[in-house]
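Computed from the coordinates by the stated procedures, all read-outs in this text should not be read as laboratory data. What you see is a predicted model, and the numbers here were worked out from it, not measured in a lab. Neighbour counts run over all protein chains shown; Cβ positions are idealised from the backbone, glycine included.
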Amino acid sequence: MTKRAALRNDKQFLPYAATTEKAKKTMIVAMLGEATEENIQAVIERMVELGFNVHRTTGEAQTILAGVGKPDHFDVAEFKVLPGVHDAYRISSPYKLAGRNFRPEGTKIRFKNGVVIGGDEIVVMAGPCSVESRAQILDSAKKVAAAGCQFLRGGAYKPRSSPYSFQGMGVEGLKLLREVADETGLLVITEVMEISQIETMLPYIDVFQIGARNMQNFNLLRELGHVRKPCLLKRGIAATIEEVLLSAEYILSGGNYDLMLCERGIRTYETATRNTMDISAIPVLKKLTHLPVLGDPSHGVGIREFVPPMALAAVAAGADGLLMEMHPNPDKAMSDGAQSMYPEQLEKLVKQLGQLAPVVGRSVASAVAVA
């Protein structure tokens, strides 16, 4: 058995069969809070009989059953009167599992050290664009932890526009990320670029990052749907919100529900910044989907001095967390130095987030202890 297969949680996931987009139909069945397991299983069995593949999610108040498939005929009225059912209805939107109806209370992603993304606390992920050396990434990790962040970000595999630019340290970079993160109490997020890297990365990371260039790499997304490891999906540089949610659907349909989205700026006609940070996408996504939404102001504007104000704006707009670049010496960074904050900028920003968060009914997640 592969490591990926061992991480699958088959108890809450019934395999999602391939269906054509044209014929696919969706029904949501919301169970009563007091529904028994026998009630739930009876509904699942009936949905399967009709030709649905069933995705089950259990929230704090109730169990939601999402049926996705191509039954010849079904009547939601039949399900509304079954024992333990609160309500049943059809879903007409093209994204079936990413829509808020699947988890009305919202998704919360929990990590081994107690960090929760999608709850009341704002989570901060920071670090250099690339892992360059042990000294550099250890220094980065210590400064990220000291600033009050929970995640260390850093690229081991780097997709670069030019084939002559630094491409990352590969497996050695992954090992260094894990080593220094464990030493400083941080979690690790790094980018996966292709299917062949997934197995290699599993022991070293806590979150797979899918970059903007891979938002519509559907083969990669399908494979990540079979992995029981949280993923962060970035919006493509010219993607609509619906396209982002449809890409998310590929991962969710595989049974991996620990998914978060990230607004990282889109390409417009404006040239004053590297990209245009679409702050409005954050509240729109929060309304349409149950998935946590993060902001990446570093790529959103691409200019160091504009990153802090855009980070604050993202949180004010409802972001559940931030993904930002910080380098101990950005002027000598091997990649993205111009958009990487100085350590003191990150530290000041986290303090400002602590002042802003209560205004919007949130708080900033607790800092880790620095080794």
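Compare the Cα positions of PRO203, HIS86, LEU187 along the charge dipole of the chain (+1 at Cβ of Lys, Arg; -1 at Cβ of Asp, Glu; about the Cα centre) and return the one farthest towards the positive end.
PRO203
What is the order of MET310, MET277, fewest Cβ neighbours within 10 Å to most?
Placing the least packed residue first, the sequence is MET310, MET277.
Given points 7 Å out from each Cα along the Cα-Cβ axis, report the SER280 to ASN329 separation in nanometres with one decimal.
That separation, rounded to one decimal, is 4.4 nm.
How would you rank THR107, THR268, going from fewest to most other Cβ atoms within 10 Å of each one's own Cβ?
Placing the least packed residue first, the sequence is THR268, THR107.
Just the number, please: percent antiparallel of the DSSP beta bridges in the chain, rounded to the nearest 5.
45
Assuming 0.36 nm per residue, please report the length gained on full extension of the stretch TYR342 to THR58 beyond their Cα-Cα distance.
My answer for the length gained is 98.0 nm.
Provide ASP75, ASP182 in ascending order of the number of other Cβ atoms located within 10 Å of each residue's Cβ, fewest first.
With the fewest neighbours first, ASP75, ASP182 line up as ASP75, ASP182.
Let me test this: with uniform point scatterers at the alpha carbons of the chain, what is the Debye-based log₁₀ I(q)/I(0) at q = 0.10, 0.12, 0.15 1/Å?
-0.62, -0.88, -1.28
Quick one: check the C-alpha center-to-center distance for the stretch 94-163 versus the stretch 303-341, whole angstrom.
Cα centres, the stretch 94-163 to the stretch 303-341: 13 Å.
What stretch of the chain, leaving out the sites themselves, is the longest with no GluC sites (Glu not before Pro) in a DSSP loop having at most 11 other Cβ atoms within 10 Å?
The segment 61-269 is the longest one with no such site.
Read phi for every residue in the stretch 89-103 and hand back ³J(HN,Hα) as whole Hz from Karplus 6.51 cos²θ - 1.76 cosθ + 1.60, θ = phi - 60°, with x for Gly and Pro.
7, 7, 10, 9, 5, x, 9, 8, 9, 7, x, 4, 4, 5, 9
Please list the equivalent ellipsoid semi-axes of the stretch 149-301, computed as the square roots of five times the alpha-carbon gyration tensor eigenvalues, in descending order and whole angstrom.
Equivalent ellipsoid of the stretch 149-301: 24, 19, 15 Å, largest first.
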